[in-house]
C-alpha cells in the first residue's frame, strides 16, 4: 500500500515541478524522437494529468463488479477487457479529447523537435504563414507606393485578415469533432463530480 501512495505522490509532484525544456529536449533526443511522428504522441501518453484522471475514475467504479466477476471465475484479463474497459469508455474518450486538443494546439513540439517539413504540425505551418504575411506587409509598406502590383497586394491581404483565416482553420476541426464525442465527454467529466 505504501508503494502505491509513493508512486501517486511522485506522479502528482511531476505536475507541479517540471524539469524544464532542456532536459525534456535531451530526453526526447536520446529516445530518437527528433524528426519522428512519435514525438507528438509519446509525451501525451505518459501525461501525469491523464494518469491521475483515469486512476480517479477507476477508483470510483464499484469494486463489487470486479468481486462478482472473480467469484464467477473470471480472470484478471477477462475482468479488465469485459468489465472495466467498457465502463472506462467515457473517461478514455475524455482523455482522448483532452490529448487531441492539447496536441492540436502544440507548437513547442514542432519548434524544438522537428526539422522535416513533412512532419510540421498545422500550428507551426500557420505560424510560418503569419510571419510571412507580416514580412510581406512590411515589404509592401517599404516599397514604392506607385507600383500597381504591390499596392494591389497590400489592399487584398492584410496581416489581420490572414490571422483571422488562420484562427478559423485552427479552430474548425476541433469544433467539428467535439459534437461526436460530446456524450462521452460530459459523462466522463460528470462521473467524478456527482456521487450517489
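Below are the figures for this structure:
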| quantity | calculated |
| --- | --- |
| Positions within the range 25-36 being over 19 Å from the mean Cα position of the chain (by Cα) and surrounded by 10 or more Cβ atoms within 10 Å (Cβ to Cβ), in sequence order | 26, 27, 29, 31, 32 |
| Odd one out for residue 77 among (1) under 20 Å from the mean Cα position of the chain (by Cα); (2) modelled with pLDDT of 90 or more | (1) |
| Condition check for residue 42: surrounded by 10 or more Cβ atoms within 10 Å (Cβ to Cβ), under 26 Å from the mean Cα position of the chain (by Cα) and not in a helix (DSSP H, G or I) | no |
| Of the criteria (1) in contact (Cβ under 8 Å) with a residue 40 or more places away in the chain; (2) assigned to a helix (DSSP H, G or I); (3) over 27 Å from residue 177 (Cα atoms), which one residue 27 fails | (1) |
| Single residue of the range 77-126 satisfying the filter (in contact with a helix residue (DSSP H, G or I) (Cβ under 8 Å, 6 or more places away or on another chain) and outside any helix (DSSP H, G or I)) that is nearest to residue 28 (Cα to Cα) | 114 |
| In the range 15-24, residue surrounded by the fewest Cβ atoms within 10 Å (Cβ to Cβ) [restricted to those that are in a helix (DSSP H, G or I) and more than 18 Å from the chain's Cα centre (by Cα)] | 16 |
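The values are calculated or read from the model by the stated rules, or taken from the named source; none is laboratory data. If you're wondering where the values come from, they're calculated on a predicted model, not measured in any experiment. Cβ coordinates were reconstructed from backbone atoms using ideal geometry, including for glycine residues, and neighbour counts include every protein chain displayed.
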